[in-house]
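The values are calculated or read from the model by the stated rules, or taken from the named source; none is laboratory data. Quantities reported herein were computed from a predicted structural model and do not represent experimental measurements. Please note: Cβ atoms are built from the backbone with ideal geometry, for glycine as well, and neighbour counts cover all protein chains shown.
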Amino acid sequence: MAGFVVYHGGPIATMAAGDTPYGLMQGAALVVCDGRILWVGAFVDLPEPYADAQRVDLEGRLLTPALIDAHTHIVHGGHRAAEFELRLNGASYEEVARAGGGILSTVQATRAASEEDLIAQALPRLDAMIAEGVTTLEVKSGYGLSIAAELTMLRAARRLAQLRPVRIVTSYLAAHAVPPEFAGRADDYIDQVVLPGLQQAHDEGLVDAVDGFCEGIAFSLEQIARVFDLARDLGLPVKLHAEQLSNLGGAQLAASYGALSVDHLEYLDADGVAALAASGTVATLLPGAFYTLRETCLPPVDLLRKQNVAMALATDCNPGSAPLASLLMAMNMGCTLFRLTPEEALAGVTRNAAQALGLSDLGTLAAGNIADLAIWSVFHPAELAYRIGFNPLHQRIFGDIK
Ligand code: DI6
Ligand code: FE
């Protein structure tokens, strides 16, 4: 039967929510046609119409959903190796930021870059992710901080999806930092850049979601609320960098807007967890930033777990707080640093990452979903989080449905 492919001959971790860890099936088969999953079940029950279809023997390898990185800043200019050195000589992340380094030094480099430059610099990071089985990733703006430069970043992000077989979901993050020309005038920056820039980026079809950084060194709850109000008017979902360095109550604010996710969360408290549980907002954990900043306050994983808040895991790939382009490494860090189970780590880069991006037909192997698949040379799914600096990807299959 033309176009039909049956995968069989190895364990299949569907990552469907339920009682079976990893949704793991032995002796299973998965049928794909035209980029969609048609059927998954026991090989002995393979429906008759698929009996003659092309077969792919996994030869004992593990089949999982392809990986999803739900929080990245891969489009940016330059690097911050000098800041890395400063911090190792004793400066804190916040001190570097207040002294005009940090995010603002990347803003300078990003503004100086053309769309082509930004693409050229992002591609190696994107390729590293693809090499580890990532087919879908979120890419934020937030280092342009002028209308023109934010739009350039978003156009570059969109272009990446034409240059590589990946699906890119964009987030508008002009409310990431106050640029130097608006120093001390954050409200003016919101009025004159963030809000009109969002309208323009949306008109150009560049925005899939709206993000912000709610923090003492960035924007207040009131300022973020103004950005979210416009997002709501435009029908765009929101998400928020919240409780990364302190607890301002950003999680509650984001939850009140029905946010897709709140991200970082080291300083999230019990009220914040309850708000996420009530709104069905995903908690996206970013252990690469925790690790790089040598943070010691752990996100409240136990509480999130007890309250059934879905947890995603992402790289936060950015030039300052998380120069990490490995989602497998983020999984390992999530387990070792945050005490996630390997199953939670894999759910965090598949099912829950899809939810964090508002993608309902990705992240699990179920009939009707997009057939984004990863085949791994491992015996058991726990191996994906357990090994360090080792990439067992055998093959990545991109469903390629626009
Ligand atoms: N938190 C982060 O970890 C990134 N942005 C944010 O709001 C890092 C930004 C950077 O240091 O460049
Ligand atoms: Fe981030």
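For Glu95, the conditions (1) away from ligand 2 (no atom under 16 Å from the Cβ); (2) under 30 Å from Ala29 (Cβ atoms) are fulfilled apart from (2). No other residue among Glu222, Glu215 is within 14 Å of ligand 2 (Cβ to nearest atom) and out of contact with any helix residue (DSSP H, G or I) (no Cβ under 7 Å at 6 or more places or on another chain) apart from Glu215.
For segment 59-76, which residues satisfy the criterion of being within 30 Å of Leu123 (Cα to Cα) and over 22 Å from the mean Cα position of the chain (by Cα)? Break it down into steps so the answer makes sense when it comes.
Going through segment 59-76, the residues within 30 Å of Leu123 (Cα to Cα) turn out to be 61-76.
The answer is Arg61, Leu62.
The C-beta contact set for segment 318-332 (first residue under 11 Å from Met129 (Cβ atoms), second residue in a loop (DSSP other than H, G, I, E, B) and away from ligand 2 (no atom under 11 Å from the Cβ), distance under 6 angstrom, 6+ apart or interchain) comprises Leu327/Glu132; Leu327/Val349; Leu328/Glu132. Restrict the check to segment 354-372 and report whether at least one residue is more than 29 Å from Thr281 (Cβ to Cβ) and more than 19 Å from the chain's Cα centre (by Cα). For segment 354-372, residues more than 29 Å from Thr281 (Cβ to Cβ) and more than 19 Å from the chain's Cα centre (by Cα): absent. Of everything in segment 253-300 that is among the polar types (S, T, N, Q) and surrounded by fewer than 22 Cβ atoms within 10 Å (Cβ to Cβ), the residue that is nearest to ligand 1 (Cβ to nearest atom) is Thr292. In segment 358-385, which residues are among the charged types (D, E, K, R) and buried (at least 20 other Cβ atoms within 10 Å of the Cβ)? Scanning segment 358-385 gives a single hit, Asp372. Only residues that are buried (at least 19 other Cβ atoms within 10 Å of the Cβ) and closer than 15 Å to Thr152 by Cα were counted across segment 91-108, and they come to 2. Which residue pairs have Cβ atoms closer than 8 Å, lie 6 or more positions apart in sequence or on different chains, and pair a first residue in segment 77-97 that is more than 21 Å from Ala112 (Cβ to Cβ) with a second residue that is among the aromatic types (Phe, Trp, Tyr)? Every condition considered, the pairs that remain are Arg87/Tyr93.
Residues that are surrounded by 21 or more Cβ atoms within 10 Å (Cβ to Cβ), within 16 Å of ligand 2 (Cβ to nearest atom), farther than 21 Å from Ala99 by Cα and under 23 Å from the mean Cα position of the chain (by Cα) are absent from segment 177-198 altogether. If the condition is being closer than 12 Å to Gly142 by Cα and either within 16 Å of ligand 1 (Cβ to nearest atom) or not in a helix (DSSP H, G or I) (or both), then segment 191-214 contributes Val194, Val210, Asp211, Gly212, Phe213.
Apart from one condition, Gln54 fits all of (1) more than 23 Å from the chain's Cα centre (by Cα); (2) at pLDDT 90 or above; (3) under 30 Å from Leu240 (Cβ atoms); the exception is (3).
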